[in-house]
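What follows is a set of notes on a single structure, which appears directly below.
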Amino acid sequence: MLEDTGERVIPEFMSPENTLLLEHIARYQFALRYLHGRVLDLSCGAGYGTHMIAKHRKKEVEEVLGVDIDEKIIHYAKGKYYHPNSSFEVHNAVDENLPEKIGTFDCIVSFETIEHIEEETELLHNYYRLLKPGGTLIVSTPFGKGRGEPCGSPFHIHQLTVAEFKELFTEYEEISFYFQQGVLIEPPQESVHYPLGIAVATKP
């Protein structure tokens with residue numbers, strides 16, 4: 001039996017009108033247009049997003065690998081979602097040997113990951129090392145009071161400010177930032193408060 005962490009998104013056990021579920025699906029839907037070749041879904045959780053990528057981009061995506069540190073959730077994903085172009089593995093996102101274990105990718109999707117991980121530098125380093133030159137990285141995180149400051153979620157180390165989030169991608173080029181409010185994802189609009197941001201960056 002899967003334990004409810006309070007943040008875990010498992011469509012099978014949620015109402016199709018659940019706001020959290022709809023927002024998570026919207027992020028994957030947004031990312032689909034960018035995905036091709038070999039794709040990594042890092043911190044894939046229950047696997048529904050990995051499955052979405054394999055199913056809806058089957059002509060463009062050769063392989064999609066869903067990775068999560070939670071053995072129980074990966075066991076669930078393997079049993080719930082099958083596609084010939086997808087697979088799931090248990091790994092730590094900050095493992096310095098991760099590139100040697102799973103290889104490199106044309107695209108990486110990593111939603112709602114940074115705020116959970118204390119070893120931020122190691123995570124960012126792995127994003128870069130796991131991505132092929134010219135590859136696309138798509139990352140999202142909720143905003144808050146900033147690095148090192150307490151936040152309202154017991155599951156988060158902290159929540160970055162918008163400025164701190166933008167500073168994470170200085171090694172990349174062709175960087176675009178989008179912001180999410182509910183299921184709406186758009187470029188920033190003046191005087192609008194957005195609870196979450198999405199970065200789309202290309203590795204040189």
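Could you tell me which residue of region 54-93 is surrounded by the most Cβ atoms within 10 Å (Cβ to Cβ), considering only residues that are of a type in the set (Val, Ile, Thr) and over 12 Å from the mean Cα position of the chain (by Cα)? Walk me through how you get there before you give the answer.
Step one: list which residues in region 54-93 are of a type in the set (Val, Ile, Thr), which gives 61, 64, 67, 69, 73-74, 90.
Subsequent filtering for residues that are over 12 Å from the mean Cα position of the chain (by Cα) retains 61, 64, 69, 73-74, 90.
Working: 61: 22, 64: 29, 69: 15, 73: 22, 74: 21, 90: 13.
Here the answer is 64.
So, in region 129-147, exactly how many residues are surrounded by fewer than 17 Cβ atoms within 10 Å (Cβ to Cβ) and either among the hydroxyl-bearing types (Ser, Thr, Tyr) or over 18 Å from residue 203 (Cα atoms) (or both)? Let's see the steps before the verdict.
As a first pass, look at region 129-147 and keep what is surrounded by fewer than 17 Cβ atoms within 10 Å (Cβ to Cβ): 129, 132-134, 145-147.
Still in the running and either among the hydroxyl-bearing types (Ser, Thr, Tyr) or over 18 Å from residue 203 (Cα atoms) (or both): 145-147.
So the count comes out to 3.
Apart from one condition, residue 82 fits all of (1) in contact with a strand residue (DSSP E or B) (Cβ under 6 Å, 6 or more places away or on another chain); (2) more than 29 Å from residue 179 (Cβ to Cβ); (3) aromatic (Phe, Trp, Tyr); the exception is (1). Against the conditions (1) of a type in the set (Gly, Ala, Ser); (2) assigned to a strand (DSSP E or B); (3) within 18 Å of residue 42 (Cα to Cα), residue 134 satisfies every one except (3). Taking every residue in region 145-173 that is within 14 Å of residue 197 (Cβ to Cβ) and pairing it with any residue that is among the hydroxyl-bearing types (Ser, Thr, Tyr), at least 6 positions away or on another chain, the pairs with Cβ-Cβ distances below 7 Å are 146/161; 160/141; 165/141.
Do we have any residue at all in region 98-116 that's β-branched (Val, Ile, Thr) and over 14 Å from the mean Cα position of the chain (by Cα)? The answer is yes, given that some residue of region 98-116 is β-branched (Val, Ile, Thr) and over 14 Å from the mean Cα position of the chain (by Cα). When restricted to residues that are in a helix (DSSP H, G or I) and of a type outside the set (Asp, Glu), region 12-64 contains 25.
Restricting region 5-50 to residues that are touching a Phe, Trp or Tyr at 6+ places or on another chain (Cβ under 9 Å) and of a type in the set (Asp, Glu) leaves a set whose member that is modelled with the highest pLDDT is 41.
Just to be sure I understand, how many residues within region 151-181 are part of a loop (DSSP other than H, G, I, E, B) and either surrounded by 11 or more Cβ atoms within 10 Å (Cβ to Cβ) or touching a Pro at 6+ places or on another chain (Cβ under 7 Å) (or both)?
As a first pass, look at region 151-181 and keep what is part of a loop (DSSP other than H, G, I, E, B): 151-158, 160-161, 170-172.
Still in the list and also either surrounded by 11 or more Cβ atoms within 10 Å (Cβ to Cβ) or touching a Pro at 6+ places or on another chain (Cβ under 7 Å) (or both): 151, 153, 155-158, 160-161, 171-172.
Matching residues across region 151-181 total 10.
Within region 80-104, residues that are within 19 Å of residue 119 (Cα to Cα) sit with their Cβ atoms under 6 Å from residues that are assigned to a strand (DSSP E or B), at 6+ positions apart or across chains, in these pairs: 91/67; 93/42. Residues in region 26-53 that are over 14 Å from the mean Cα position of the chain (by Cα) and within 23 Å of residue 92 (Cβ to Cβ): 1 in all.
Each residue in region 32-69 was checked for being out of contact with any Ser or Thr (no Cβ under 9 Å at 6 or more places or on another chain) and under 14 Å from residue 113 (Cβ atoms), and 2 pass.
The values are calculated or read from the model by the stated rules, or taken from the named source; none is laboratory data. Being a predicted model, the structure only gives us computed values, none of them experimental. Every residue, glycine as well, gets a Cβ built from its backbone with ideal geometry; the counts of neighbours run over all protein chains shown.
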